[in-house]
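Before any comments, here is the structure.
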Amino acid sequence: MSVKIIAHRGANRKAPQNTLPAFRQAIAEGADGFETDVHLTRDGVPVICHNYTIDKTSDGVGEISSFTLAELKRFDFGAYFSEEFRGTPLPTLDEFLELVAPTDAEIINIELKCPKKRMFELVSKTVQSIRRFGVLDRVIISSFSPAILKMVKDIEPRCKTGFLHPTQNPSVCRAVFVEPYTILKSTGADYAHPASITVTKLSVWLEHKMGRKVNVWTVNDEPTIRYLLACGVDGIITDRPDTTRAAVERALGKKREAAAEPV
């Protein structure tokens, strides 16, 4: 399958997002890759969580950056999802990489959230972990922040990067086309990571012409999946890796059948 299925925060419809159970589920479902998010604790440990705070995904309240790792490990990051996952801890970046590094996953997409401070520490420690687990060739560090993407390339030029855009629903042509292309060029990003609502055949063609691949976020419905396949995207970031793979296989099967029909 040429289009890669990338599990968004793991298989987060079947297990609590950005936890080891969610990534194990994505592995079981044969995802081609993973997408996750990294923040720094107060004592400088990269941990996996989408939001800046733990309010929505744990039994605690507060910003990740205000807690030490030991303090964060005391919170429950599974019970909000279901009783089955009660007691699930927040994983560190190293624990995540230890799980996924031995798999056949082709893409390990690590999104770095732009911190209020300690940006260099966040980037450098993330890169150190990536090197330590020997997954540099499979990692994409993505961000909405051009400054983070430039810093990644300064610290480790071999690391692939992806620019996430737009930061809000685009309402003018500049937001859809001009600004992302300018940032992609200035940061030296290897991937464009657009929201699905901005993707067209032309935008994908232009990215490919510039030598960049296109991974689209976050897509779960079959009509959009079929549209993106027609546009020629390289990867689909999804909450549902199993049903997205099935939808892709159905679409490609119909395409093969149509090609085989006699004229």
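The values are calculated or read from the model by the stated rules, or taken from the named source; none is laboratory data. What you are looking at is a predicted structure, and each value in this text was computed from that prediction instead of being measured. Ideal geometry is used to build each Cβ from the backbone, glycine not excepted, and the neighbour counts take in all protein chains shown.
The selection criterion, being under 20 Å from Phe144 (Cα atoms) and of a type in the set (D, E, K, R), holds for Asp37.
Name every residue in segment 45-60 that is in contact (Cβ under 8 Å) with a residue 24 or more places away in the chain, closer than 23 Å to Glu83 by Cβ and not β-branched (Val, Ile, Thr), in order of residue number. Result: Cys49, His50, Lys56, Ser58. Taking helices (runs of 4 or more DSSP H) as the structural unit, those lying wholly within segment 66-135 and holding at least 3 residues that are buried (at least 20 other Cβ atoms within 10 Å of the Cβ) correspond to 93-100, 119-132.
If you check Leu97 against the conditions, is it under 21 Å from Tyr191 (Cβ atoms), touching a residue at least 24 places away in the same chain (Cβ under 8 Å) and among the hydrophobic types (A, V, I, L, M, F, W, C)? Taking the combined requirement at face value, the residue satisfies it. In segment 180-219, the qualifying residues are those that are surrounded by fewer than 17 Cβ atoms within 10 Å (Cβ to Cβ) and in contact with a strand residue (DSSP E or B) (Cβ under 8 Å, 6 or more places away or on another chain), and the one that is farthest from Asn109 (Cα to Cα) is His208. Kindly evaluate Lys14 against the criterion of being without any contact (Cβ under 8 Å) to a residue 12 or more places away in the chain, in a loop (DSSP other than H, G, I, E, B), of a type outside the set (Gly, Ala, Ser) and at negative phi. Criteria met by Lys14. Can you confirm whether Asp55 is at pLDDT 95 or above, over 29 Å from Leu252 (Cα atoms) and surrounded by fewer than 23 Cβ atoms within 10 Å (Cβ to Cβ)? In short, yes. Close Cβ contacts (under 6 Å, 6 or more residues apart or on different chains) running from residues in segment 141-167 that are within 11 Å of Val127 (Cα to Cα) to residues that are hydroxyl-bearing (Ser, Thr, Tyr) and assigned to a helix (DSSP H, G or I) comprise Ile155/Ser124.
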